[in-house]
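The values are calculated or read from the model by the stated rules, or taken from the named source; none is laboratory data. This structure is a prediction, so every number in the text was calculated from the model and none was measured. Neighbour counts are summed over all protein chains in view; Cβ atoms, including those assigned to glycine, are modelled from backbone coordinates with ideal geometry.
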Amino acid sequence: MRYLLSAALLFISISAFPQNVRSRVLGDDGAPAAFANVAVLNPDSSLVAGTSADADGFFIIAVPNRKFTLAVSCVGYAKFSAECDGRLPENIVLKKQDIDLKEVDVTAHTQGQYLSRIDVRQMESINRTGLTKLACCSLSESFENSGTTGTTYSDAITGTRQIQMLGLSGIYVQTLAENIPVFRGLNYLFGWNYTPAAWLKSIQISKGAASVTSGYESVTGQINTVFASPAEGRQFYADVYTDEYLMTDANFVVKQRVGGKWRTALFGHTTQSLMPESATQRHDRNGDGFADMPKVRNINLQNRWIYLGDNGLQSRFAVSAATEKCDAGQMEMDGMQHELYKTQIENVDFQISNKTGFPFGQKDGQSVGLINSLSYHKTDAEFGRKSLYATELYYYGNLIFNSHIGNENHKYAAGVSYIFDGLTNRFADRLPKNLTPETDFDKKEHSAGAFAEYSNYSVDNLIISAGLRADYNSRYHWLLTPRFNVKYSPTDILTIRASAGRGYRSANPLSENLGLFSTSRKFHTDQLQLLDIEAAWNYGANLILTVPTQRDNIVLNIDFYRTDFQSRTICDIERDRHAVFFYNLGGKSHAYAAQADLSATLFKGLTFYSAFRYNIQHISYTQNAENHTVESPLVNRFKSLVNVSYATNMRKWIFDATVQLNGKCRLPNMDGYAKTERYSNTYTILFAQITKRFKFVEIYVGAENLTDYRQKNPIIAPDAPFGDDFDASIVYAPVVGRKIYAGARFNFGKYMD
Amino acid sequence: MKTRNLILTAAAAFCLAAPAKAQEAKKNVSDTVTFTVSMHCENCKKKVENTMQFEKGVKDLNVSLADKTVTIVYDSRKTTSAALKESLEKLNYTVEEKARK
């Protein structure tokens, strides 16, 4: 315990440290605007700090050393708002105005997701409203309403969801929990289940080149999750959810203030499949003998602590533990003589992290931040006669210095980082035709790097950011990561961005392709230890048009991104339907993604969001030094979604409906790289939910996949699971049909501050 | 026939009169009050919104953090501005009635 405490004390973040600055509010006649309200707002309009001016219009307020919005109001004057950057003007001048109390803006209906116009990177935020539009038990389910990210399924037996972004697998997205890397390596597939959406305050999804300060791993973008704050909302939160298959989910959050400087929150989650074994008809609607969904038992706990010191020191600690058991496969039927195909996965996950930051030196807005994070993950998985026993120990340390050159129009962040990643994989395949004995594929990487990022704000409405990092990886040697972002807002209604950058990723092909374990394919693992680090350039641009209306803004976004792989791990399932080959990319591989989305408040309470995206990805398979470039299998060419949400006065009733149209995808060839192309069907999925809010509880009922669309025969050769042709990995649509669910969320106790 | 005409006339008169009466009733019971409340952060705003929207008689609500005002449209048959002020004060804020219309 003493060691743990010592380690914890060593841990340390990057925050934009507030600085107290003084300014004055005057009317346009030169008279002071007495007792004016002054607020400093984040890009998402949430409040950073608020105060009131004195009788002479003077005030002192803490402002962050980054871009923020200053909002000033005073009775008798027009509201004032301006984008500021780490500083305040000496005087803030308000225009005189007569008061018109008729213009009362009634409680606005909150959009579930919105696009940032301030950040230099393209960023979509999903807030609590967005996270409660669907049941969203786990994080992976939170993206069904997002135009930016999509979900796919790993296989037809476990039904594990995976995310996709810019037409590429979620493995190329860097996922962060409050700016600390998570869900990577071995934890990539299951980590999404360990963060229940109920624990979160918001999610930020940014596309394209990310900041170099978080490492070299991001290729297509970043997803950052923000947890419910111990200083906000009511003290106790609890929820319970169940569906017609009795998959039951429960969460709690308890917040507590400890002394004057510490705040803490304890988060709990469990998922339990309560359907009795006897209800076989409910488990296997397609009659293939395999349960349509796994039996899951999952318990997660997390404890977060925040320390706010008097001298500007801020420190955040988090400890989490999760355990999960998943049973799936063939169900026992009367008269069955042969051995049953069973899938059993057991996961254990443990993480401890700290972020600490403090003001440094005499310069305003100058600070030092340190992040330390240690995680351990263990997976024991058996799929029929294939097995994978794997562990990963991951340490991430990052020290950042934030400052500016001359004035705050020239900001920079520079620092050093160190990463240790130790993976063990023990793979075996006992199918008679494959007979791969227990084989170890272990990997250890030490990565030490230095980085610098410069941001220029000197031209009005223009932000230019350029970053470079150099890392030495013990396995892959020198890695150079340049990244560049620019944002220009020529008018209030138009925002234009462009980005370019390189990212790297060390592949762990066995755990990242766990869906292929649900097949009879032979794994050709001879190249596993010879794989290069994956490297890709990503380029993109986006345009946001914001048209103000009487009630809200109509927001139109258009973006285009291209990812070019310089090296990539190819998982070849098309050379031979009875085999999987892993090897380095020999030819070319690239992905294009284009998206357009539109959001609007049609009238009071009714919001509309629509997105259309087009993806296409090409990869090259190599056999006998000959490259075969094909469209990547199982990537939907297009996806469109429409979400309509209606809330009655004060959001006491909320009605949500989402329609997703999933375009066709190419199905993998089963007999070599022949050009006989097969495509999946285009299909529609409908989600609907009704929520009724009371003072301390909200109750919801809803349905997923209301039209009951299911992939026909998702498992090939289900009658002979140990035979040569068995394959449950070719899944492009839901295996489980319509799912009706209901739940309740409780908020009670005192309000925290 | 005469009876039928009488019923139809009565029904028509009711249909025409009812909305007018309802409108009149609605007009009479809705009242608006604005309070200046010593809120200082986003959390305060949420606290006021979540509490006041479920108070008896509250029909609509606008909380402005920038103006530090809470404007409430309420059913005067079910509550009074004094009762609403008291509910706000229970949240430990200084409350002052600002304007009425």
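Scanning the range B:57-70 for residues that are surrounded by 19 or more Cβ atoms within 10 Å (Cβ to Cβ) and either more than 8 Å from every other protein chain (Cβ to nearest Cβ) or within 10 Å of B:Val37 (Cα to Cα) (or both) turns up B:Val63, B:Leu65, B:Asp67, B:Lys68, B:Thr69, B:Val70. Residues in the range B:75-101 that are within 12 Å of chain A (Cβ to nearest Cβ) and either of a type in the set (A, V, I, L, M, F, W, C) or more than 29 Å from A:Thr51 (Cβ to Cβ) (or both): B:Leu91, B:Ala99, B:Lys101.
Are any residues in the range A:117-160 basic (Lys, Arg) and closer than 26 Å to A:Ser211 by Cα, and if so, which ones? Steps first, please.
Initial filter on the range A:117-160 (basic (Lys, Arg)): A:117, A:121, A:128, A:133.
Result: A:Arg117, A:Arg121, A:Arg128.
Residues that are surrounded by fewer than 17 Cβ atoms within 10 Å (Cβ to Cβ) and among the charged types (D, E, K, R) within the range A:217-256 comprise just one, A:Glu244. The condition (being under 29 Å from the mean Cα position of the chain (by Cα) and either modelled with pLDDT under 80 or within 14 Å of chain B (Cβ to nearest Cβ) (or both)) is satisfied by just one residue among A:Ser6, A:Ser52, A:Ser15: A:Ser15.
Yes/no per residue for (1) modelled with pLDDT under 95; (2) more than 14 Å from chain B (Cβ to nearest Cβ); (3) more than 25 Å from the chain's Cα centre (by Cα):
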position: A:Lys692; (1), (2), (3): no, no, yes
position: A:Val697; (1), (2), (3): no, no, yes
position: A:Val701; (1), (2), (3): no, yes, yes
position: A:Pro714; (1), (2), (3): yes, yes, yes
position: A:Ala717; (1), (2), (3): yes, yes, yes
position: A:Ala720; (1), (2), (3): yes, yes, yes
position: A:Pro734; (1), (2), (3): yes, yes, no
position: A:Phe748; (1), (2), (3): yes, no, yes
position: A:Tyr751; (1), (2), (3): yes, no, yes
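Specify which of the listed residues (A:Asn425, A:Asn402) is assigned by TED's automatic domain parsing to the domain that holds A:Thr519, of a type outside the set (A, V, I, L, M) and more than 30 Å from A:Phe350 (Cα to Cα).
Checking each option against the conditions leaves just A:Asn402.
Evaluate the range A:255-269: report whether one residue or more is under 30 Å from A:Val701 (Cβ atoms) and either in a helix (DSSP H, G or I) or of a type in the set (Ser, Thr, Tyr) (or both). Checked against the condition, which is being under 30 Å from A:Val701 (Cβ atoms) and either in a helix (DSSP H, G or I) or of a type in the set (Ser, Thr, Tyr) (or both), the range A:255-269 yields no hits at all.
Identify, from the list A:Ala744, A:Ala717, the residue that is surrounded by fewer than 19 Cβ atoms within 10 Å (Cβ to Cβ) and within 27 Å of A:Arg128 (Cβ to Cβ).
Numbers: A:Ala717 fails: within 27 Å of A:Arg128 (Cβ to Cβ).
None of the other options fit; the residue is A:Ala744.
Please specify each residue of the range A:492-530 satisfying the condition of being hydroxyl-bearing (Ser, Thr, Tyr) and closer than 30 Å to A:Asp559 by Cα. Before you say what the answer is, go through the steps one by one.
First pass over the range A:492-530, keeping only residues hydroxyl-bearing (Ser, Thr, Tyr): A:495, A:499, A:504, A:506, A:511, A:518-520, A:525.
Across the range A:492-530, the qualifying residues are A:Thr495, A:Ser499, A:Tyr504, A:Ser506.
Per-residue answers, yes or no, for (1) more than 23 Å from the chain's Cα centre (by Cα); (2) closer than 28 Å to A:Pro64 by Cβ; (3) of a type outside the set (A, V, I, L, M, F, W, C):
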residue: A:Val348; (1), (2), (3): no, no, no
residue: A:Gly357; (1), (2), (3): yes, yes, yes
residue: A:Phe360; (1), (2), (3): yes, yes, no
residue: A:Gly384; (1), (2), (3): yes, no, yes
residue: A:Tyr395; (1), (2), (3): no, no, yes
residue: A:Asn398; (1), (2), (3): no, yes, yes
residue: A:Lys411; (1), (2), (3): yes, yes, yes
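Is there a residue in the range A:423-439 that is closer than 26 Å to A:Val319 by Cβ, in contact with a Gly (Cβ under 6 Å, 6 or more places away or on another chain) and not basic (Lys, Arg)? No, the range A:423-439 contains no residue that is closer than 26 Å to A:Val319 by Cβ, in contact with a Gly (Cβ under 6 Å, 6 or more places away or on another chain) and not basic (Lys, Arg). Of all the residues in the range A:273-293, those that are surrounded by fewer than 16 Cβ atoms within 10 Å (Cβ to Cβ) and either among the polar types (S, T, N, Q) or touching a Cys at 6+ places or on another chain (Cβ under 9 Å) (or both) number 3.
Any idea which of A:Lys639, A:Lys652, A:Lys692 is surrounded by 15 or more Cβ atoms within 10 Å (Cβ to Cβ) and in contact with a strand residue (DSSP E or B) (Cβ under 9 Å, 6 or more places away or on another chain)? Can you show your working first?
Numbers: A:Lys652 fails: surrounded by 15 or more Cβ atoms within 10 Å (Cβ to Cβ); A:Lys692 fails: surrounded by 15 or more Cβ atoms within 10 Å (Cβ to Cβ).
Testing whether each residue is surrounded by 15 or more Cβ atoms within 10 Å (Cβ to Cβ) and in contact with a strand residue (DSSP E or B) (Cβ under 9 Å, 6 or more places away or on another chain) leaves just A:Lys639.
Scanning the range B:42-96 for residues that are closer than 17 Å to A:Tyr751 by Cβ, over 12 Å from the mean Cα position of the chain (by Cα) and not in a helix (DSSP H, G or I) returns B:Val63, B:Leu65, B:Val70, B:Lys90, B:Leu91, B:Asn92, B:Tyr93, B:Thr94, B:Val95.
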